[in-house]
Amino acid sequence: MRIFVCTQPLDMRRSFDGLAAAAKQVLGEDPRSGALFVFTNRRSNRLKVLWWDKNGYFMLCKRLHQALFRLPTANDPSDRSMIVDGRGLHELRRGVASTPRSWQARDRS
């Protein structure tokens with residue numbers, strides 16, 4: 001599956017048709033090609049993924065509260081697989097995000 005990442009921030013109020021138009025205008029790709037199209041906002045705390053599934057659009061949305069998405073840059077092809085692999089997605093402004101305290105294993109000894 002092909003994955004296209006829009007490195008320009010977009011207005012996350014856009015929905016299906018607005019993101020499909022951005023895939024065409026900004027990325028120059030057909031939004032109904034079956035590829036995944038990844039978009040983020042200016043603050044890098046929201047991410048939307050658009051995908052055409054034979055008879056309609058599917059959209060996945062995520063909003064981070066204490067971390068930021070770090071998308072690959074157009075000049076650094078080595079980072080392109082990090083969204084799929086999950087590497088480096090959540091980073092705080094001042095370093096790597098830590099696991100929330102409620103999710104950490106607790107030592108009960």
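The values are calculated or read from the model by the stated rules, or taken from the named source; none is laboratory data. Since we're looking at a predicted model, the values are computed, not measured. Note that we place each Cβ from the backbone using ideal geometry, even for glycine, and neighbour counts take in every protein chain shown.
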Residue check for Leu64: crowded, with 17+ Cβ neighbours inside 10 Å and more than 10 Å from the chain's Cα centre (by Cα): yes
Restricting the range 1-56 to residues that are in a loop (DSSP other than H, G, I, E, B) and among the polar types (S, T, N, Q), the residue that is farthest from the chain's Cα centre (by Cα): Asn55
Hits in the range 1-26 - residues which are more than 28 Å from His65 (Cα to Cα) and modelled with pLDDT under 90: Met1
Of all residues in the range 33-44 being surrounded by 15 or more Cβ atoms within 10 Å (Cβ to Cβ) and modelled with pLDDT of 90 or more, the one that is farthest from Leu68 (Cα to Cα): Ala35
Search result, residues across the range 1-39 that are among the β-branched types (Val, Ile, Thr) and more than 15 Å from Lys62 (Cβ to Cβ): Ile3, Thr7, Val26
Test: residue in the range 29-38 that is charged (D, E, K, R), free of Cβ contacts under 8 Å to residues at least 12 places away in the same chain, within 20 Å of Met1 (Cα to Cα) and out of contact with any Asp or Glu (no Cβ under 7 Å at 6 or more places or on another chain): yes
Test for Arg70: is it among the basic types (Lys, Arg) and over 13 Å from the mean Cα position of the chain (by Cα): no
